[in-house]
1. Could you look through segment 1-58, keep only residues that are of a type in the set (A, V, I, L, M, F, W, C) and not in a strand (DSSP E or B), and pick out the one that is surrounded by the most Cβ atoms within 10 Å (Cβ to Cβ)?
2. How many residues does segment 171-201 hold that are under 16 Å from Ile29 (Cβ atoms) and either part of a loop (DSSP other than H, G, I, E, B) or among the β-branched types (Val, Ile, Thr) (or both)?
3. Counting only residues that are touching a Phe, Trp or Tyr at 6+ places or on another chain (Cβ under 9 Å) and at pLDDT 90 or above, which one in segment 197-215 is surrounded by the fewest Cβ atoms within 10 Å (Cβ to Cβ)?
4. Taking segment 169-189 as the search range and keeping residues that are over 16 Å from Ser205 (Cα atoms) and in contact (Cβ under 8 Å) with a residue 60 or more places away in the chain, which one is nearest to the chain's Cα centre (by Cα)?
5. Could you identify the single residue in Ile167, Ile155 that is touching a strand residue (DSSP E or B) at 6+ places or on another chain (Cβ under 8 Å), buried (at least 21 other Cβ atoms within 10 Å of the Cβ) and modelled with pLDDT of 90 or more?
6. Taking segment 81-93 as the region of interest, how many residues are in a helix (DSSP H, G or I) and either farther than 13 Å from Arg164 by Cβ or not basic (Lys, Arg) (or both)?
7. Scan segment 60-76 residue by residue and report those that are touching a residue at least 24 places away in the same chain (Cβ under 8 Å), surrounded by 14 or more Cβ atoms within 10 Å (Cβ to Cβ) and not aliphatic (A, V, I, L, M).
8. When segment 149-162 is examined, which residues are found to be within 16 Å of Asn94 (Cβ to Cβ) and of a type outside the set (A, V, I, L, M)?
Amino acid sequence: MLIKIKDLFKIYQMGNVLIYALKSVNLEISQGEFVSIAGPSGSGKTTLLNIIGLIDNYNEGSLVINDLKIKDQTNQELARLRREFIGFIFQSFNLLPVLNVFENVELPLIISKKGGTKAQRRERINYLLEEVGLADRRKHTPSELSGGQQQRVAIARALVTSPRIVIADEPTANLDSDTGEKVLKLMKDINRTEKTTFIFSTHNSEIWKMADHIVYLHDGTIKSEERQ
């Protein structure tokens with residue numbers, strides 16, 4: 001099992017009031033699954049993704065990723081896991097405006113010191129840009145791209161280090177329906193070809209049908225799961 005969550009709680013304190021963002025969450029995700037975390041705004045989707053992505057911690061329970069107990073890891077080990085094991089696709093894209101498309105995708109390889117030689121890095125980047133349909137835009141800066149094109153750059157950047165897991169928080173929220181559908185299809189195609197585990201949040205029921213594992217959250221609790 002790639003990810004195993006048991007009796008997990010995330011609690012915030014507002015003055016004397018305790019707010020349970022997640023309550024007794026139990027979830028298992030296998031390698032290569034395409035998982036949708038579904039539910040209304042405020043249901044805990046982003047909190048759960050941030051915990052799985054190791055950018056937020058939890059108060060009670062356990063999280064095991066790739067047989068590693070997360071509570072037992074040092075901050076340095078967690079940083080290495082985030083850098084080498086997990087890719088992120090953000091709603092706001094978070095592309096660096098001073099870098100062109102190629103350089104934005106290359107940056108995680110430089111930071112993680114992965115990808116081998118410069119020629120090997122170039123081959124990996126060019127392959128991904130071809131896959132996301134942006135091979136002819138590699139020298140363009142983000143300001144010269146549409147929203148859908150920027151999102152595709154963000155997908156290539158998330159995948160360039162060959163992560164086992166890609167976390168995507170509402171990846172189509174800022175896109176029109178046609179572009180959003182194309183972006184999700186691209187993610188699904190990469191999920192199939194590279195066996196990358198995608199975990200994304202959405203409240204759009206039209207998108208849920210693309211997932212093979214749907215987790216329904218409500219008020220911080222998993223109400224039901226479907227596998228299809």
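The values are calculated or read from the model by the stated rules, or taken from the named source; none is laboratory data. All values derive from a computational prediction rather than experimental measurement. Positions of Cβ are generated from backbone atoms using ideal geometry, with glycine treated the same way; all protein chains shown enter the neighbour counts.
1. Leu48
2. So the count comes out to 4.
3. Asp212
4. Met187
5. The conditions single out Ile167.
6. 3
7. Gly61, Ser62 - these are the residues of segment 60-76 that are touching a residue at least 24 places away in the same chain (Cβ under 8 Å), surrounded by 14 or more Cβ atoms within 10 Å (Cβ to Cβ) and not aliphatic (A, V, I, L, M).
8. Residues satisfying the conditions are Gln149, Gln150, Gln151, Arg152, Arg157, Thr161.
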